[in-house]
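See below for the structure under consideration.
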Ligand code: GDG
């Protein structure tokens, strides 16, 4: 039976069977699929008794590409990020394990184990903050970035080196396979990998998906030409480069034109030819794995959290879920909430703002500072409204912050919002907006920034905000919380349908479909 939100009963319960279309399975039967990302699907912890336990990796890339592991038999190559990962990688070497298969998962994993200093330069100096800040327009340019001796050292001895290690590991897996390799690279940590792979194996099918925005060429000029050219040249060693939105894809082509002599760009066709090779530039809006999200949201763990979260609901409940990350614009979200309360004192005591924040990248100073900024603004607002109202005989607290890494808890809260605030300054996509649309049981309203990639798909059924507009966001929050029920329900239904129609399988399938159509893909199927 199909419900009016487009889900069948079994799908609603998270027991539906989704699968890739036959054409994609046909392609996959001819290749060895290798996917690579900095962060793996799970993090290992080495327990005192010598055993290993695992925990789900954090962040949207893991949420999204875990599905590649579930729906295909890809080998996933990732950095050993924790001490536990390193110990597990060593054990695999000792045991001669070809791949690590973490318990209760569908993943087959190999770790890249880097020298800690090289990794620090790659991750904590180049990938985040340099590339992440660049690609989210996060700099206060008179003050940052300073590309100094340390940055260049981190580039050569960190970013270049770890990218080479990834390429070597991919080549090892590819060379050991009886099938031709199809490599799906993920994100900005691995920009130099395709160039290195193409030089070693000109026949390889290479595809890279960039999960974050791609800024304009002028902004790219804030980093030196040598770095820009290396990144553009290497990305064009892929057969396909994918982005979240057509706008990001176009910006990438402009950036190639601005930085590479002799490049030939077909802006309409999305074909870029450089040094005799043609690369397709495409957009594939990423989405969520419906079955997996429903399953976690329905788990015992999530249900337990749900009971707890219900204790924090009020007449009106506003929710946000983010990594504690400057680009997510958490501070302005709280300022807007404060302004809404100032303009609508009748809501005091009747609305709760629940913020679920996952600590992120604490080795990078800007992230620690941003956490401090969040704590300061929450403290200020809480103090301002201390003892002004009671709910059920208890002093009303306007904001409840839940800090910590707990995915089932975050999903359980999404079921109960009246409004979900997703107001990033810039965001590649934003999966929380999509998870919320799927899970919410109260026909809650989405307040969505124009800076989120998700705006392209969901904007028509959300209340849009310009991310820096605190007044506008305050008004949107009020409109969302007080929207008539029929209107809420109509938008919620439309959002749910959009998310279900274009789920993660669509994202995987469209990429595989294009890979089959490219010259290398065609010869592969024929061969
Ligand atoms: C990057 C891009 C793009 C929430 N709480 C916890 C937790 N979550 C989950 C969310 C969601 C994911 O983490 C966050 O995904 P987002 O897409 O919102 O954001 P980023 O992490 O910045 O992801 C983004 C994405 O890649 C995919 O391409 O959409 O634009 O920036 O699924 O529910 N996960 C864990 N613990 C929690 O407490 N492990």
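Relative to a virtual label point 7 Å from the Cα of residue 98 in the Cα→beta-carbon direction, which members of region 149-186 show backbone nitrogen distances below 12 Å?
Only 173-179 fall inside the zone, counting backbone N under 12 Å.
So for the chain, averaging the separation of alpha carbon pairs under 8 Å that are six or more residues apart and normalising by length, what relative contact order in percent results?
Averaging sequence separation for qualifying contacts and normalising by length gives 14 percent for the chain.
Mind giving me the FRET efficiency for residue 219 and residue 365? R0 is 22 Å, r the Cβ-Cβ distance, nearest 0.05 is fine.
Given R0 = 22 Å and the Cβ-Cβ separation, E is 0.50.
Based only on other Cβ atoms within 10 Å, what is the fewest-to-most ordering of 295, 384?
Ranking 295, 384 by Cβ neighbours within 10 Å, fewest first, gives 384, 295.
Contact order normalised by length for region 363-466, with contacts defined as Cα pairs under 8 Å and 6 or more residues apart; what percent is it?
Answer for region 363-466 is 20 percent.
For a distance above 17 Å, tell me the whole-number percent of Cα pairs in region 262-312 that qualify.
Working: 804 of 1275 pairs.
Tail of the P(r) past 17 Å holds 63 percent of the pairs.
What is the calculated FRET efficiency for residue 25 to residue 56, with r their C-beta to C-beta distance and R₀ = 30 Å, to the nearest 0.05? Before the final figure, lay out the partial values.
Details: r = 26 Å, r/R0 = 0.88.
My answer for the efficiency is 0.70.
Could you line up 426, 52, 243 from fewest to most neighbouring Cβ atoms inside 10 Å?
Fewest to most other Cβ atoms nearby, the residues stand as 52, 426, 243.
How far apart, in nm, are the 7 Å Cα→Cβ label points at residue 278 and residue 179?
Going by the 7 Å Cα→Cβ label model, 2.7 nm.
Give me the extension gain from residue 157 to residue 486: residue separation times 0.36 nm, minus the current Cα-Cα distance, reported in nm with one decimal.
Once the chain is fully extended between residue 157 and residue 486, it gains 112.6 nm.
Divide by every residue of the chain the summed helix terms, -39500 (n - 2.57) for each DSSP H run of at least 4, and state the resulting mean residue ellipticity at 222 nm, rounded to the nearest 500 deg cm²/dmol. Don't skip to the answer; put the middle values down first.
Values: 23 runs with 230 residues, N = 527.
That comes out to -13000 deg cm²/dmol.
When every alpha-carbon pair in region 97-157 is counted, what percent end up more than 18 Å apart?
Numbers: 958 of 1830 pairs.
Result: 52 percent of Cα pairs exceed 18 Å.
Report, in whole Å, the centroid distance computed from the Cα atoms of region 52-102 and region 229-268.
One Cα centre to the other: 31 Å.
Please state the equivalent ellipsoid semi-axes for region 407-476: what are the square roots of 5 times the Cα gyration tensor eigenvalues, largest first, in whole Å?
Semi-axes, largest first: 19, 13, 11 Å.
So how do 449, 251 line up by other beta-carbon neighbours within 10 Å, fewest first?
On the way: 449 30, 251 20.
Lowest count first: 251, 449.
So what's region 165-246 giving for Cα Rg divided by 2.2 N^0.38 Å, two decimals?
Computed over Cα atoms of region 165-246, the ratio equals 1.15.
Cα-Cα pairs above 19 Å in region 255-389: how many percent?
Above the 19 Å cut-off, region 255-389 has 69 percent of its Cα pairs.
Return a whole-number percent for the relative contact order of region 54-125, with Cα pairs under 8 Å and 6 or more residues apart as the contact set.
Taking the mean separation of contacting Cα pairs over the length of region 54-125, I get 34 percent.
Can you give the Kirkwood hydrodynamic radius for the chain, in Å, rounded to one decimal and based on Cα pairs?
24.1
Based on the Cα gyration tensor of region 184-342, what are the three equivalent ellipsoid semi-axes, each the root of five times an eigenvalue, rounded to whole Å and given largest first?
After diagonalising the Cα gyration tensor, the semi-axes are 40, 21, 13 Å.
How large, in Å, is region 363-453 by the Kirkwood hydrodynamic radius built from its alpha-carbon pairs?
For region 363-453, inverting the mean 1/r across all distinct Cα pairs yields 15.5 Å.
Mind giving me the FRET efficiency for residue 168 and residue 389? R0 is 41 Å, r the Cβ-Cβ distance, nearest 0.05 is fine.
0.10
None of the figures in this text is laboratory data; all of them are computed from the coordinates on show. Worth saying up front: this structure is predicted, and the values here are computed from it rather than measured. All Cβ positions, even for glycine, are placed from backbone atoms using ideal geometry, and neighbour counts span all protein chains on display.
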